[in-house]
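Here is the structure we will look at.
Read-outs: derived from the displayed coordinates by stated rules, not from any lab. Being a predicted model, the structure only gives us computed values, none of them experimental. Ideal geometry is used to build each Cβ from the backbone, glycine not excepted, and the neighbour counts take in all protein chains shown.
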Amino acid sequence: MEMITLESIELGDSELNDLKDNVLMTMSALGLDRNNINYKHLVKLLENLFSVIGDRLDDLDGHKQEVSSLINAYDASRDKLNSSILDHLRYEDSWYEENKSLKAEIINYKRRIRTLEGKLVTQAAIVEDTDVDRSDNSSGKNTHPVHRIDVEVEGVHKDYVKVDSRNDTHTSSDLTTGAHSINTKDDDTIHELKREIIVLRIKLEKAESAYEDACSLGSQHRNEFDCQKQELLTRLSVADSHQSELMARNEQLKAELRNVSLELEELQQENATLTASTSVVPIEKSKSNSLENGIPLSEDLKTGYGDSNIFGGLADGVHVIEALNKKYHEVDSIISELKKNVTELNSTIRDCNITEAMSLDKVESITKNCVMGSTGAAFLGDNATKEPNVVFLGDSFLFGMREELASVLPSKYTPTTLRMTDATLSALLQSWSNMNAHPDHVVLSAGFVDVSYNELKSFKHELLKFCQSLTNRTRLIVMTVPFNYLLSPLSCVNLEIHRLNKFLSSLPAKFSSVQLIQLNQIDRSLIASKGMDPYYTVKARRILCSRIRNVLMTPADGPVLGLPALSS
């Protein structure tokens, strides 16, 4: 029934479905007892794994749709900006034409004003000439008996008038009346011209005021346009940065999925190796029915055969599945950050907070040799039984070491881990002292972070104090510090690590309870990294745990153990 449930799960990806089918075929080829509790637990873990993979693929499709919608929104915003720019350019052209027409009208008004001023000057000159002629006539009327008067005003001609001395009074009155009528006409013309000039000046002032208003309005619109343009360009730059960040996150997510596929293939290969030369060893009924005794495993999975070899390999497969589950939790955190950036880019997208937790209940009650705890800082308490316990204390290099050591040690050993990434030895020992633990064996892997933080002197002081504080029943196994292969071999950091390893080599001679494991065979290919945290690969963990097992099985006053030559 369990296998039917697993086969019915569809992952939505052909490659993952093929991997799932291969894993199920491998399990079927093993011929395991389906009533065994370890088999049921493994089937349950696989079911949870395939369900989580399907959920993550669905979430990835949803995020792809969200990214597509954001790209469409970005294109719409860009089109809106382009249309707004075109509108403002049209407005600017219309303002320019209006300004040009107003300037032309002002020039025409000024020309008319100059023309009218010229006419006014001409009329004033005619009036002055008329006044001069009239004064000349009035001054010479007694000396000349007869006068000839020729008056011309605006195309009107007077006939000659002959006046003798007897008609002087009549002639003088006629001249006065004619001059008064001429002056009246000239004054009317001047007043009319002045009124027209005043009207034209008022129009000119209005035109200049309208021109100034149009210029101020144009400058105001131009400033508003510049502000809106700058704002839209800023928003577009922010949208471009968010889009590039989303694309980078998408590529990172694809890389994580490829890594998961590779690890699934590695799981398939490890399960396939379990099918070679297996034999069933009968177990006594009293032992098989007891959960406390568990399933007997061989001390070394490389050389053991029978059921112990099979279930030891299955335990390794379970550990790999747990690592894959943690990988998916990391992918889930990346997806959460991606959704947060999407929410900041467009407020219309609702907040998405994905929180998932998977609990593995009653794992330690099933078997003592398949401990499925987290790789972080584990709870360390006093062991209620008399079974020897081993504690891993150190930095990120202890990733997966507890599970690997549990697979090669006898079932009476109980390994636990206190692992703190990016922590110095003083921080590790402070957390250790707060837990008040008294283990039989302590495996220490520290110093890499201390050298990076230039805390080598403090590391030596704290390590010597820790060695002196150990009781007779506690045994310390110290692993030397691996080199930083991201730097040059002659860098200051690697030189400090070399000096630190020389100091660690001198500890077994000073303290009888200290054993040393050299890492002279660990090279660049056996060290990986997750972000900024380095850790040992599966092959390196297998080699180191084999050496730790040999140290645990030897007396306390044994020699310093180095790593053997690497085998393929």
**Request:** Determine the distance separating the Cα centre of the stretch 87-133 from the Cα centre of the stretch 390-409; give it in Å without decimals.
**Result:** 100
**Net charge of Cβ neighbours under 13 Å - reference GLN228; Lys, Arg +1; Asp, Glu -1** = 0
**Message:** Restricting things to Cα coordinates, could you compute the convex hull volume per residue of the stretch 373-568 in Å³?
**Reply:** 119
**Prompt:** Among 513-525, 242-254, what's the highest-first ranking by average C-beta atoms within 10 angstrom per residue?
**Reply:** 513-525, 242-254
**Message:** Given the C-alpha atoms of the stretch 477-535, compute the convex hull and give its volume per residue in Å³.
**Reply:** 89
**Request:** Using a 10 Å cut-off on Cβ atoms, rank the peptides 84-90, 497-503, 546-552, 400-406 from the highest mean neighbour count down.
**Result:** 400-406, 546-552, 497-503, 84-90
**Members of LYS254/LYS530; LYS326/LYS460; LYS119/LYS203; LYS460/LYS510; LYS465/LYS502; LYS457/LYS502 lying beyond 24 Å, as alpha-carbon distances in this model show** = LYS326/LYS460
**Asked** Quick one: which of 425-434, 462-471 comes out on top by average Cβ neighbours within 10 Å, and what's the full order, highest first?
**Response** 425-434, 462-471
**Prompt:** Amide H of THR417: which non-local residues (sequence gap of 5 or more, or other chain) have their own amide H closer than 5 Å, using H built in the peptide plane?
**Reply:** ALA378, PHE392
